[in-house]
Amino acid sequence: MKKRIMVVLLVLCLLSAAAVPVTQAFDLGSVVKIGVVGVLVDKFAGPLNDFINKLMMKHDAGTYYATKVVPIITVGTGGYIGAAQVTGPQELIDQTEAVIQIEGNFNGNQFRIKGLIPIDSKNPTNFSRVQGVGVSAMIDIHF
């Protein structure tokens, strides 16, 4: 019975996704990459954070504040696209769950702007900015 319910829900999700007008390129490969990036960020957050801290110290750019690696979520897609290291007081770092990326163009297409905002949720529709936390590094994942 549970399998039947799951199949019905999956079919409904696929049908509802097909009914939404597409304004961006969206395919199964994109969904898989988003999922893989999310899993990789969750799995390697600690080692990535340690590596970034050592790298920064090696170049005399370390910090004595707390740091943490979290996923980057782009407004509009709602999926993981990469990761960022955030830095700040420990109690604020503990509140930080993700970094939301907001993009825009300035002066036509002459400048591309990416705003990176530490937030207290992985949900791009329901979050609050974590004041006092900054983004200290970005991690790109190569596929």
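The values are calculated or read from the model by the stated rules, or taken from the named source; none is laboratory data. The structure presented is a predicted model; accordingly, all values stated were derived computationally and were not measured. Please note: Cβ atoms are built from the backbone with ideal geometry, for glycine as well, and neighbour counts cover all protein chains shown.
Working only within the range 92-130, note down all residues that are within 25 Å of MET57 (Cα to Cα) and loosely packed, with under 14 Cβ neighbours inside 10 Å. Of everything in the range 92-130, just one residue is within 25 Å of MET57 (Cα to Cα) and loosely packed, with under 14 Cβ neighbours inside 10 Å, namely ASP94. Remark: ILE102 falls outside the filter, which requires a residue to be within 15 Å of the chain's Cα centre (by Cα), at pLDDT below 95 and closer than 22 Å to LEU55 by Cβ. Report, by residue number, each residue of the range 103-135 that is of a type in the set (A, V, I, L, M, F, W, C) and within 16 Å of GLY82 (Cα to Cα). Within the range 103-135, LEU116, ILE117, ILE119, VAL135 qualify.
Does any residue of the range 37-51 turn out to be part of a loop (DSSP other than H, G, I, E, B) and at pLDDT 95 or above? No: zero hits.
In the range 125-143, of all residues being in a strand (DSSP E or B) and in contact with a helix residue (DSSP H, G or I) (Cβ under 9 Å, 6 or more places away or on another chain), the one that is nearest to LEU48 (Cα to Cα) corresponds to ILE139.
Filter the range 75-124 for residues that are charged (D, E, K, R) and assigned to a helix (DSSP H, G or I) and give the result. Hits for the range 75-124 are GLU91, ASP94.
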